[in-house]
Each structure stands twice: as C-alpha cells, then as structure tokens.
Amino acid sequence: MTAWTPHVTVATVVEKNGRFLLVEEHSEGFVHTVFNQPAGHVEAGETLIEAAIRETFEETA
C-alpha cells in the first residue's frame, strides 16, 4: 500500500481601505476573465503562513 500524501492549498484575502487584492486570470477554455484571491499549494517544509505569504507575493508581485 502506498502512503497518502496530502496536497494542502492556501489562499489569502488582502483588504486595504475597503478594497480587495485579486488575481486576474486568463485560462484556456474560458471566454471571460476570472478574478480570484491569491492562492497556491504549500511546499515541503513551509508553514501555512509562510506558504500564504509566498503565494501572495508570487501571484501579485
């Protein structure tokens, strides 16, 4: 039997002065633009907070 490996995802909600940070995505197969919150997978050795911060910076520069 193989070991189960969880795939953990984090997402952030960033608000400033009543405005929210969103990521604009253009995916193949979608006709319209999709807006999402910054999100992604936790990497080995990361805490949830570290992963959330890294993903937010990666996706929004």
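The values are calculated or read from the model by the stated rules, or taken from the named source; none is laboratory data. The model shown is predicted, which means the values in this text are computed figures rather than measured ones. Using ideal geometry, Cβ is built from the backbone for each residue, glycine included, and neighbour counts are taken over all protein chains shown. Note: accessible area is taken over every heavy atom of the protein model, side chains too, but ligands, DNA and RNA are not part of it. Shrake-Rupley method; radii C 1.70, N 1.55, O 1.52, S 1.80 Å.
Structure data summary
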quantity: Binned Cα-Cα distance frequencies in the chain - 10 Å width, integer %; calculated: 20, 40, 28, 10, 1, 0
quantity: Gaussian network model of the chain, Cα within-10 Å springs - most flexible of E28, E43, E15; calculated: E28
quantity: Long-range amide H partners of Q37 with built H, under 5 Å; calculated: V23
quantity: Peptides ranked, highest mean first, by Cβ atoms within 10 Å: ranges 3-11, 30-38; calculated: 30-38, 3-11
quantity: Unit charges on C-beta of K, R, D, E only; dipole of the chain, Debye; calculated: 200 debye
quantity: For L48, net neighbour charge (Lys/Arg +1, Asp/Glu -1) across residues whose Cβ lies under 14 Å away; calculated: -3
quantity: Portion, in percent, of the accessible area of the chain that falls on carbon or sulfur, probe 1.4 Å; calculated: 59 percent
quantity: Degrees between helix 48-60 axis and first principal axis of the chain (Cα, 0 to 90, nearest 10); calculated: 40 degrees
quantity: Relative contact order (%) - the chain, alpha-carbon pairs under 8 angstrom, separation at least six; calculated: 33 percent
